[in-house]
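What follows is a set of notes on a single structure, which appears directly below.
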Amino acid sequence: MENKVMEMVSLTKRFGSFMAVNHLSVTFEEGKIYGFIGPNGAGKSTTMSLLVGLMRPTEGKAYIMGHEAGSKEAKRWIGYSPEFPDFYRDMNCEDYLLYMAQLSDMSLQEAKERTKMMLEEFDLWDHRHDLVYKFSTGMKKKVGLAQAMIHQPKILLLDEPTANLDPKSRYDILDTLRRLVSQHHMTVLISSHVLSELETVIYHVVIINHGTLVLDRPKEEAMKMFHQGVLKVHTSDDQKLCQLLQDHPLVTSLSFNQEVHLQSEQMDALKDLLVSLCYQYHLRLHVFEEEKITLEGLYKQLMEEKDHEGNH
Ligand SMILES: Nc1ncnc2c1ncn2[C@@H]1O[C@H](COP(=O)(O)OP(=O)(O)OP(=O)(O)O)[C@@H](O)[C@H]1O
Ligand SMILES: [Mg+2]
């Protein structure tokens, strides 16, 4: 494993008899962005709390740069933006960031420099004298991220950093994040329910359900494994086309509604076949489009499989 920066080894958290996090083992590499996905109550926030050291595991361990999660050595490498940040009511934005900077072992001078940098980076400079609790949701999220990054951590844990934001604000936050992460080669674990947006930033997918690991793979690999593309076709005579393709060995699934939807393990060969059939039978092509798998599609497929398994 190249440049392992964080690791969960059979990490487990019980609340009474309830298993919130169930023997999770995942390894995180330097410089990569990991999407952390799962339904409400799956255990994402609890896992993050364990990694930050806000809670102790019931069983198993987590390591940050080789140090046990929760230790002082581990904490200095981690930046954390919680799902529900609790800002100090009487602090303005600048004072708050300065205060957070000074909580890590920084000189006052350095803390001031970092605060200025973060205020500028997240477009908060003009609001630096305003009280944080009066900020809009989007601005609070930015303060949360600025706070998480203030001490130049190696690892960022971001719990739903774009929840409840308008499209422009989400885009701005993710764009800033993407830039900062690539500049500083940080490792990020980011949870979100907006999979279409997560898909654009992550390299790796970690899915959990009921505290248990469901998937841990590079995104590209997962996309290939879990889905056969769908080819949507509409011609001047779709019924004829269906007849021709019905029992063809290249076709693994065929459905016909407004369009013909085809799946195949050999998509390129199927495309060639379609073109030649259209030519041969004088079918005019109106639609010929391959639908790409999305992270959302993959997630749904996986969860349906799990539900199905659970019912047996
Ligand atoms: N302090 C606690 N005491 C008891 N149960 C808890 C505690 N914290 C979390 N839980 C339970 O653990 C489970 C996992 O919660 P968690 O907040 O980690 O889920 P999540 O994946 O972050 O969900 P969401 O997507 O809604 O944020 C939930 O059933 C929750 O009720
Ligand atoms: Mg949560």
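General observations
- The residue pairs whose first member lies in segment 278-294 and is among the charged types (D, E, K, R), whose second member is at pLDDT below 90, and whose beta carbons are closer than 8 Å, counting only pairs six or more residues apart or on different chains, are Glu290/Gly229; Glu290/Val230; Glu290/Met267; Glu291/Gly229; Glu291/Val230; Lys292/Gly229.
- For segment 44-67, a residue qualifies if it is out of contact with any helix residue (DSSP H, G or I) (no Cβ under 6 Å at 6 or more places or on another chain), not polar (S, T, N, Q) and not in a loop (DSSP other than H, G, I, E, B), and the qualifying residues are Lys44, Met48, Leu50, Leu51, Val52, Glu59, Gly60, Lys61, Tyr63.
- Within segment 228-253, tally of residues that are closer than 22 Å to Leu298 by Cβ and assigned to a strand (DSSP E or B): 4
- Near pairs, Cβ below 7 angstrom, 6+ apart or cross-chain, from segment 247-274 (over 18 Å from Leu285 (Cβ atoms)) to any residue that is part of a strand (DSSP E or B) and hydroxyl-bearing (Ser, Thr, Tyr): Gln263/Ser253
- Top-ranked residue in segment 147-169 [being in a helix (DSSP H, G or I) and modelled with pLDDT under 90; ranked as nearest to Phe122 (Cα to Cα)]: Ser169
- Any chance Thr212 is of a type in the set (S, T, N, Q), surrounded by 15 or more Cβ atoms within 10 Å (Cβ to Cβ) and either out of contact with any His (no Cβ under 8 Å at 6 or more places or on another chain) or at pLDDT 90 or above (or both): yes
- Any chance Gln102 is more than 16 Å from ligand 2 (Cβ to nearest atom), in a helix (DSSP H, G or I) and exposed (fewer than 14 other Cβ atoms within 10 Å of the Cβ): no
- Within segment 106-146, the residues that satisfy the criterion of being in a helix (DSSP H, G or I) and among the small types (Gly, Ala, Ser) are Ala111, Gly138, Gly144, Ala146.
- For segment 44-53, the criterion of being surrounded by fewer than 16 Cβ atoms within 10 Å (Cβ to Cβ) and either over 21 Å from His151 (Cβ atoms) or at pLDDT 95 or above (or both) is met by none of the residues.
- Scoring Phe18 on the criteria (1) within 16 Å of ligand 2 (Cβ to nearest atom); (2) closer than 30 Å to Leu124 by Cα; (3) surrounded by fewer than 16 Cβ atoms within 10 Å (Cβ to Cβ) leaves a single failure, condition (2).
- Considering (1) away from ligand 1 (no atom under 16 Å from the Cβ); (2) among the polar types (S, T, N, Q); (3) in contact (Cβ under 8 Å) with a residue 40 or more places away in the chain, the lone condition that Asn209 does not fulfil carries the number (1).
- Any hit, segment 183-204, residues being farther than 29 Å from Pro39 by Cβ and of a type outside the set (S, T, N, Q): yes
- When segment 1-25 is filtered for residues that are out of contact with any helix residue (DSSP H, G or I) (no Cβ under 8 Å at 6 or more places or on another chain) and within 16 Å of ligand 1 (Cβ to nearest atom), the ones remaining, listed by number, are Thr12, Arg14, Phe15, Gly16, Ser17, Phe18, Met19, Asn22, His23.
- Flag if Thr115 is within 16 Å of ligand 1 (Cβ to nearest atom) and hydroxyl-bearing (Ser, Thr, Tyr): no
- Put simply, of Phe28, Phe87 the only residue that is touching a residue at least 40 places away in the same chain (Cβ under 8 Å), away from ligand 1 (no atom under 16 Å from the Cβ) and in a loop (DSSP other than H, G, I, E, B) is Phe87.
The values are calculated or read from the model by the stated rules, or taken from the named source; none is laboratory data. Keep in mind it's a predicted model, so treat the numbers as computed, not measured. Glycine also receives a Cβ, built like all others from the backbone with ideal geometry; neighbour counts cover every protein chain displayed.
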